[in-house]
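Notes follow once the structure below has been shown.
Readers should treat all values here as calculations from the given coordinates under stated rules, not as data from a laboratory. Treat the numbers as computed from the prediction; the structure is a model and nothing was measured. Here the Cβ is made from the backbone with ideal geometry for all residues, glycine too, and neighbour counts use every protein chain on show.
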Amino acid sequence: MAIIQRRVFYGKVGTAGRLVEWAQEMYGMIAEQDQNMTVRIMTDHQSGRTDRMVVELEAESGAALDAIIEKTMADLSLQPKFQAAFEKLPGLIDHAEVEQWDLH
């Protein structure tokens, strides 16, 4: 069963553009590990809180998604890039939420 993991990031005022750049960098590294995984980065300019961004990861299963994340984290060449990206995140967001949806 396919799965979609949605991460909703609530950016600090004025950070939406930089948050999208951050997501392209971070999730680009993850997407490179599996060409079958779909990554969508979306912003909402018309409703809800301002500077909100959603990242969706679509994989064939929860186990497949876990395997992609584990493979990415085990890649020693990516660890400095991940650390640098994670260090930027607190300056960009107030908080984030995660949803995991099964596709039927």
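Say we look at segment 23-67 and pick out the residues that are polar (S, T, N, Q) and in a loop (DSSP other than H, G, I, E, B); which of these is nearest to the chain's Cα centre (by Cα)?
Once the filter is applied, the top-ranked residue is Gln33.
Going by the conditions given, is Arg6 within 13 Å of the chain's Cα centre (by Cα), of a type in the set (Lys, Arg) and within 18 Å of Leu89 (Cβ to Cβ)?
Numbers: within 13 Å of the chain's Cα centre (by Cα): yes; of a type in the set (Lys, Arg): yes; within 18 Å of Leu89 (Cβ to Cβ): yes.
Taking the combined requirement at face value, the residue satisfies it.
So how many residues does segment 50-63 have that are without any contact (Cβ under 8 Å) to a residue 40 or more places away in the chain and farther than 19 Å from Ala96 by Cβ?
Here the count works out to 1.
I need the full set of residues from segment 68-85 which are surrounded by 10 or more Cβ atoms within 10 Å (Cβ to Cβ), outside any loop (DSSP other than H, G, I, E, B) and either in contact (Cβ under 8 Å) with a residue 12 or more places away in the chain or polar (S, T, N, Q) (or both), in order please.
Ile68, Ile69, Lys71, Thr72, Gln79, Lys81, Phe82, Ala85
Filter segment 1-49 for residues that are within 20 Å of Gln100 (Cβ to Cβ) and of a type in the set (Val, Ile, Thr); which is surrounded by the fewest Cβ atoms within 10 Å (Cβ to Cβ)?
Thr38
Within segment 40-49, can one find any residue that is among the charged types (D, E, K, R), closer than 15 Å to Ala85 by Cβ and without any contact (Cβ under 8 Å) to a residue 60 or more places away in the chain?
Scanning segment 40-49, I find no residue that is among the charged types (D, E, K, R), closer than 15 Å to Ala85 by Cβ and without any contact (Cβ under 8 Å) to a residue 60 or more places away in the chain, so the answer is no.
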